[in-house]
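The values are calculated or read from the model by the stated rules, or taken from the named source; none is laboratory data. Not measured: the values here are computed from a predicted model. Positions of Cβ are backbone-derived with ideal geometry, glycine not excepted, and every protein chain shown enters the neighbour counts. Protein only, heavy atoms only, side chains kept; ligands, DNA and RNA dropped before computing areas. Shrake-Rupley method; radii C 1.70, N 1.55, O 1.52, S 1.80 Å.
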Amino acid sequence: MSRPNFVLSLVLVAAVPALAQQGSPLNCVVAAVPALVRSEGLAEKLGDIVLNCSGGAAGGTVTGNLTLFLSTNITNKLSANNSLDVFLTVDTGSGQRSAGATAISNALNTVLFQGMNFTLSNSGTAILRITNLRGAASLVPDQSITARLANAGPSGITIQSSPQIVGIPQPGLLANYSSTFVCPPSTLPSEV
C-alpha cells in the first residue's frame, strides 16, 4: 500500500465513528408530573418535566440548546448574570448532574437552556429533567398550565411531545377569602 493510500485509510477509519455518531439521532419522549398550584399565585412551583432519551450513539456527545415554552408567564428569579433559577439536569446512569446549560429568559413565557453539553451512556441513553420551573397561575386561573419543548443545535435530537400539563390551578385560601369577616366576641381575661 502506498503512503498516500495508507494516510487516506487512516483518515477514513477515524472519520467513520464520528459520522456514525452524527447519524444516530437521539429520540426523547417527554412526560411531566403536574403539580397542584394556587390559581391566584404569581410564582407557583410547577411540576418536573422529564425527557427519556434513547437511540443515540454509545458514549456520544450531545450539544445544543433546548427551548421551553410555557402557557403562562415564567416567574423564576433572575440572577446577577441574567440567568434564571430553572435547572436542567442529566442522568446517564451515574446519577443526576448538570447538563451544562444556562437558563436564559427569551420572552415572558420562554426559557432557553443554552449550551447543553453531555455524554450519553454506553447504551446511548440519557434522562433529562427540568426542575424548579415557576409560573404565574393567576394569568390562567381556569385552565391547566402546559409546557412544550423544542431543540436547536448541532446534535440530532428529536423530541416527541405534545404540550405537557405541568400545573393544575386550584383556588387557594386567598381566592376563597371573603371581605366580610365574622369574628366571635373576644373573651379576654379580666384585670387582676
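Just a few scattered comments:
- Any hit, region 62-76, residues being under 22 Å from residue 163 (Cβ atoms), of a type in the set (Ser, Thr, Tyr) and in contact with a Lys or Arg (Cβ under 7 Å, 6 or more places away or on another chain): yes
- Considering residues of region 56-70 that are open to solvent by 50 Å² or more (accessible area, probe 1.4 Å) and over 11 Å from the mean Cα position of the chain (by Cα) only, the residue farthest from residue 137 (Cα to Cα): 58
- Scanning region 105-124 for residues that are part of a strand (DSSP E or B) and open to solvent by 50 Å² or more (accessible area, probe 1.4 Å) yields 105, 106, 114, 117, 119.
- The residues on offer are 93, 100, 59, and the sole one that is over 20 Å from residue 160 (Cα atoms) and free of Cβ contacts under 8 Å to residues at least 24 places away in the same chain is 100.
For every residue, the table says whether it meets (1) surrounded by 20 or more Cβ atoms within 10 Å (Cβ to Cβ); (2) at negative phi; (3) polar (S, T, N, Q); (4) at pLDDT 95 or above.
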residue: 2; (1), (2), (3), (4): no, yes, yes, no
residue: 11; (1), (2), (3), (4): no, yes, no, no
residue: 15; (1), (2), (3), (4): no, yes, no, no
residue: 49; (1), (2), (3), (4): yes, yes, no, yes
residue: 80; (1), (2), (3), (4): no, yes, no, no
residue: 90; (1), (2), (3), (4): yes, yes, no, yes
residue: 94; (1), (2), (3), (4): no, yes, yes, no
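- Restricting attention to region 62-92, the residues that are part of a loop (DSSP other than H, G, I, E, B) and aliphatic (A, V, I, L, M) total 2.
Residue-by-condition table, conditions (1) among the aliphatic types (A, V, I, L, M); (2) closer than 22 Å to residue 78 by Cα; (3) modelled with pLDDT of 95 or more; (4) surrounded by 12 or more Cβ atoms within 10 Å (Cβ to Cβ):
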residue: 126; (1), (2), (3), (4): yes, no, yes, yes
residue: 131; (1), (2), (3), (4): no, yes, yes, yes
residue: 144; (1), (2), (3), (4): no, no, yes, yes
residue: 158; (1), (2), (3), (4): no, no, no, yes
residue: 161; (1), (2), (3), (4): no, no, no, yes
residue: 165; (1), (2), (3), (4): yes, no, yes, yes
residue: 181; (1), (2), (3), (4): no, no, no, no
residue: 186; (1), (2), (3), (4): no, no, no, no
residue: 192; (1), (2), (3), (4): yes, no, no, no
